[in-house]
Amino acid sequence: MPKLTALQIKSALAAVPGWKRKGSAVVRIFQFKDFVVAVRFVNAVAKLAEKAAHHPDIDIRWNKVSLLLTTHDAGGLTGKDFALAAKCDAAAAKL
């Protein structure tokens with residue numbers, strides 16, 4: 001999948017509120033009521049990532065989960081990152 005241009009990234013970010021660009025990646029911190037719900041979210045993300053064959057960096061801090069997405073083999077952001085970001089947002093909304 002080709003790397004996105006700066007203009008494409010700006011447009012893609014508008015479709016996933018809460019995500020921010022950090023260099024060649026996008027990041028978002030999700031906050032939940034407690035650790036159990038945070039881990040439930042991480043498990044949902046793991047299933048989505050496996051299905052997409054695209055895996056985020058995940059950091060869990062009690063009730064906060066930080067996700068970082070980038071397409072390593074493309075050397076930056078691609079449509080895969082924003083597609084998975086939207087799916088992660090949908091998974092969080094269900095909890």
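The values are calculated or read from the model by the stated rules, or taken from the named source; none is laboratory data. It should be emphasised that the depicted structure is a prediction, and the values quoted were computed from it without experimental measurement. With ideal geometry, Cβ positions are generated from the backbone for all residues, glycine too; neighbour counts draw on all protein chains shown.
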**Prompt:** Among VAL26, VAL16, which is the only one that is under 12 Å from the mean Cα position of the chain (by Cα), assigned to a loop (DSSP other than H, G, I, E, B) and aliphatic (A, V, I, L, M)?
**Reply:** VAL16
**Asked** How many residues does the range 58-95 hold that are aliphatic (A, V, I, L, M), more than 15 Å from SER24 (Cα to Cα) and either touching a residue at least 40 places away in the same chain (Cβ under 8 Å) or not in a helix (DSSP H, G or I) (or both)?
**Response** 7
**Complete:** The condition from (1) part of a helix (DSSP H, G or I); (2) crowded, with 19+ Cβ neighbours inside 10 Å that ALA44 misses is numbered (2)
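Taking the stated definitions as given, is HIS55 free of Cβ contacts under 8 Å to residues at least 40 places away in the same chain and surrounded by 12 or more Cβ atoms within 10 Å (Cβ to Cβ)?
Details: free of Cβ contacts under 8 Å to residues at least 40 places away in the same chain: yes; surrounded by 12 or more Cβ atoms within 10 Å (Cβ to Cβ): yes.
Answer is yes for this residue.
How many residues, within the range 57-77, are at pLDDT 95 or above and more than 17 Å from ILE9 (Cβ to Cβ)? Spell out the reasoning first.
Pass one, the range 57-77, residues at pLDDT 95 or above: 57-71, 76-77.
Checking which are more than 17 Å from ILE9 (Cβ to Cβ) leaves us with 57-66.
The total comes to 10.
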**Prompt:** Which condition number in (1) within 23 Å of GLY75 (Cβ to Cβ); (2) at pLDDT 95 or above is the one that PRO2 fails?
**Reply:** (2)
**Prompt:** What are the residue pairs meeting all of these: first residue in the range 21-42, first residue farther than 30 Å from PRO2 by Cβ and of a type in the set (S, T, N, Q), second residue at pLDDT 95 or above and crowded, with 19+ Cβ neighbours inside 10 Å, Cβ atoms under 9 Å, and 6 or more apart or on different chains?
**Reply:** GLN31/ALA38; GLN31/VAL65
